[in-house]
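Beneath this line is the structure, given in structure tokens, with notes to follow.
The values are calculated or read from the model by the stated rules, or taken from the named source; none is laboratory data. This is a predicted model, so every value here is computed, not measured. Backbone-built Cβ (ideal geometry, glycine too); neighbour counts: all protein chains shown. Accessible surface areas use protein heavy atoms only, side chains included; no ligands, DNA or RNA. Shrake-Rupley method; radii C 1.70, N 1.55, O 1.52, S 1.80 Å.
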Amino acid sequence: MTSSKRLLRSSPESMGISSNAILSYIVAAEQAGQELHSFMLLRKGSIVAEGWWQPYSPEIPHMLYSLSKSFTSSAAGLAIEEGLISLDDLVLKYFPDEKPVEVSTNLAAMQLRHLLSMSTGHDQDATGNSCGSPDGNWARGFLSLPVDHVPGTHFVYNSAATYMVAAIVEKVTGMGLLAYLHPRLLDPLGIMEAVWETCPRGIVTGGWGLNIRTEDIAAFGQLYLQKGVWNGKRILSEEWVSEATSKQVENGSDPDSDWQQGYGYQFWRSRHNAFRGDGAFGQYCIVLPDEEVVIAVTSGLGDMQAPLNTIWEYLIPAFQSESLPADSAANAQLNEKLTSLLIPVPNGKSDLAAFSELTEKTYHFAENEMHFKSVALSQFGEDITITFVNDIGSHSFVCGIGKRASSSTTFLMNAVLRPSPSKLDWKSAAYGSWTSENTFTIKLCLYETPFTPVFTFQFFGNELKLSIKGNIGFGPSEWPTLSGKL
């Protein structure tokens with residue numbers, strides 16, 4: 001159940017969808033190994049199916065990654081409607097102090113529309129170089145890069161371009177992007193607790209970093225499906241919604257790829273005449289205007305095309321133009337499935353006593369690429385506390401034995417264990433079991449994020465071998481086994 005209940009609920013059949021078809025989709029996604037964290041299906045403005053894979057839950061915000069871009073785009077659309085900016089505005093107009101000494105013809109020609117459509121003229125993504133500016137001035141870093149192509153002629157996915165949009169909106173409004181969006185977009189949609197990362201200079205990152213709930217994503221998609229109108233009030237102009245979700249630039253020609261159907265203003269075009277915002281590791285806001293459907297998904301996926309294929313295969317044929325006869329048995333079966341969803345856990349024995357000789361001890365690691373110095377296990381009631389020390393500090397979480405134990409932790413699992421730049425702790429739930437006589441396996445769900453790494457501890461007397469495998473990551477998802485000694 002959701003906390004806000006801002007959207008109506010209806011049975012699938014009343015909206016022309018078979019409960020069996022939705023159930024088949026969920027089962028197919030799970031059998032394909034797709035690690036979904038939440039799923040919400042709307043038709044004609046009503047939620048017909050919703051579920052969260054525990055410990056993920058409706059009231060907990062989830063990292064959006066690049067799905068954040070569509071919200072930044074909306075802020076630009078609002079600022080355009082208010083006459084504060086124009087699609088034709090030159091980018092350099094807003095950054096007189098950050099422009100390079102020598103301004104190339106292509107840089108001089110770059111407009112706001114090129115930032116929004118990922119057609120800035122850069123030959124490669126400018127994000128790494130922009131965000132790596134030693135002085136923390138990302139705009140200066142962005143403008144210092146070569147612009148190899150005439151703006152508007154070459155598509156390159158470029159999160160730094162979205163940051164520049166956010167920076168422009170903040171300049172012309174005189175306020176942070178969230179402060180600008182709240183009364184105009186977020187509050188009307190009931191999105192009350194949004195959190196957004198900022199750059200070293202306090203500007204919202206724009207292209208990533210927004211955290212909101214699944215129903216917030218669904219409401220945002222429904223607003224765009226309704227061409228900018230919410231509860232009878234116009235929030236976004238119909239012209240903006242149409243332009244932002246239409247193809248503004250070519251990005252490939254593969255008919256089977258949902259990343260080569262064209263790109264709008266921070267929205268992807270998709271097959272089936274759909275459009276979507278999406279973020280790394282499977283954060284989706286999919287809108288199917290022809291079917292009056294919105295689908296919101298959060299997940300932890302490496303292959304982002306596969307879940308779209310599953311949606312197209314199982315759900316597209318299920319949308320009927322008229323309501324279907326009530327099917328209480330199928331609806332009950334679907335609801336039973338949706339209310340019992342779980343992230344898989346290690347299958348093994350629950351034996352707290354087996355830790356009697358292992359707790360209150362510290363294993364020290366040889367020098368390693370993850371910069372782990374040591375790990376210690378200590379008993380915490382009927383649970384175990386795992387404490388890692390790396391070159392940044394000490395990071396702990398609580399692990400249940402044969403059950404999940406909730407806590408918070410100061411690291412975020414990505415390419416390495418590292419503190420988050422914008423948050424000191426993350427909600428976590430860890431489940432551990434003895435998967436063999438000397439092997440203890442932990443599944444750690446950082447359930448505000450897509451990350452659910454698995455830690456495998458193998459104990460050999462005074463020695464420990466530790467392997468860590470992430471479900472996803474921008475870098476390697478599995479690292480060399482670490483060897484530790486008491």
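Largest first, the three principal axis extents of the alpha carbons in the stretch 330-382 are 56, 32, 18 Å in whole numbers. Helix 68-81 against the longest principal axis of the chain: what's the angle in degrees, Cα atoms only, rounded to the nearest 10? On a 0 to 90 degree scale, this one is about 20. Under 1.5 on a/c is rounded, so check that first for the stretch 248-357, then, if it is not, pick prolate when a/b is larger than b/c and oblate when it is not; a ≥ b ≥ c are the square roots of the alpha carbon gyration tensor eigenvalues. Because a/c hits 1.5 or more and a/b fails to exceed b/c, the stretch 248-357 counts as oblate.
The gain in end-to-end length when the GLU238 to GLN379 segment is fully stretched comes to 44.9 nm, 0.36 nm per residue minus the alpha carbon separation. Once C-alpha pairs closer than 8 Å and six or more residues apart are averaged by separation and normalised to the residue number of the chain, the relative contact order reads 16 percent.
Rounded to the nearest Hz, the phi-derived 3J(HN,Hα) couplings of the stretch 234-241 under the Karplus curve 6.51 cos²θ - 1.76 cosθ + 1.60 (θ = phi - 60°) are 6, 9, 10, 5, 4, 4, 5, 4, where x marks glycine and proline.
Annotation: amide H-H contacts under 5 Å for SER394 (H modelled 1.01 Å from N, sequence separation of 5 or more, or interchain): none. Comparing SER406, SER119, GLY202 along the charge dipole axis of the chain, the residue lying farthest to the positive side is SER406, per the Cβ-charge model. How large, in percent, is the carbon and sulfur part of the accessible surface of the stretch 303-387 at a probe radius of 1.4 Å? That fraction is 49 percent. A straight Cα-to-Cα reach below 29 Å connects LYS227 with the lysines LYS5, LYS44, LYS69, LYS171, LYS247, residues fewer than 8 places away in its own chain not being considered. Seen against the Cα atoms of the chain and their longest principal axis, helix 214-225 is set at about 20 degrees. Percent of Cα-Cα pairs more than 18 Å apart in the stretch 18-157, please. Result: 69 percent of Cα pairs exceed 18 Å. Checking the a/c ratio against 1.5 first, then a/b against b/c, what shape does the Cα gyration tensor give for the stretch 298-366? Taking the square roots of the gyration eigenvalues as a ≥ b ≥ c, the stretch 298-366 is oblate. Annotation note: GluC sites (Glu not before Pro) in the stretch 1-90 located in DSSP loop regions with a Cβ neighbour count of at most 13 within 10 Å are GLU59, GLU82.
Phi angles of the stretch 275-286 translate, via the Karplus equation with coefficients 6.51, -1.76, 1.60 and θ = phi - 60°, into HN-Hα couplings of 9, 7, x, 8, x, 3, 6, x, 9, 10, 10, 9 Hz per residue; Gly and Pro are given as x.
Using θ = phi - 60° in the Karplus curve 6.51 cos²θ - 1.76 cosθ + 1.60, the 3J(HN,Hα) couplings for the stretch 440-455 round to 10, 10, 10, 9, 9, 9, 8, 7, 9, 10, x, 8, 9, x, 10, 10 Hz; x is entered for Gly and Pro.
Rolling a 1.4 angstrom probe over the protein heavy atoms, how many square angstrom per residue are accessible across the chain? Dividing the accessible area of the chain by its residue count gives 40 Å².
With the helix formula -39500 (n - 2.57) applied to DSSP H stretches of n ≥ 4, the chain reaches a computed 222 nm mean residue ellipticity of -6500 deg cm²/dmol.
Scanning residues 5 or more positions from GLN111 or on other chains, those with amide H under 5 Å from its amide H are VAL91, with H placed 1.01 Å from N in the peptide plane.
The GluC sites (Glu not before Pro) found in the stretch 309-367 that occupy coil by DSSP, while having at most 15 further C-beta atoms within 10 Å, are GLU322, GLU357, GLU360, GLU367. Over the stretch 209-279, Cα pairs under 8 Å with separation of 6+ residues give a relative contact order of 17 percent. The accessible surface of the stretch 190-285, taken with every protein chain in place and a 1.4 Å probe, is 45 percent carbon and sulfur. Once the dipole of the stretch 232-302 is set up with Lys and Arg at +1 and Asp and Glu at -1 on Cβ about the Cα centre, which of GLY277, TYR265, SER237 lies farthest towards its positive end? With unit charges placed on the Cβ atoms, the residue in question is SER237. Taking 0.36 nm per residue of separation and subtracting the Cα-Cα distance, full extension of the segment from THR359 to ASP327 would add 6.1 nm. To put it simply, the accessible area of the stretch 22-101 at a 1.4 Å probe is 50 percent carbon and sulfur. A Förster distance of 51 Å, applied to the separation of the beta-carbon atoms of ASN273 and SER467, puts the FRET efficiency at 0.65.
Counting charges near LEU178 (Lys, Arg +1; Asp, Glu -1) among other residues having Cβ under 14 Å from its Cβ returns a value of -4.
Computed from the alpha carbon atoms alone, the convex hull of the stretch 83-128 holds 95 Å³ per residue.
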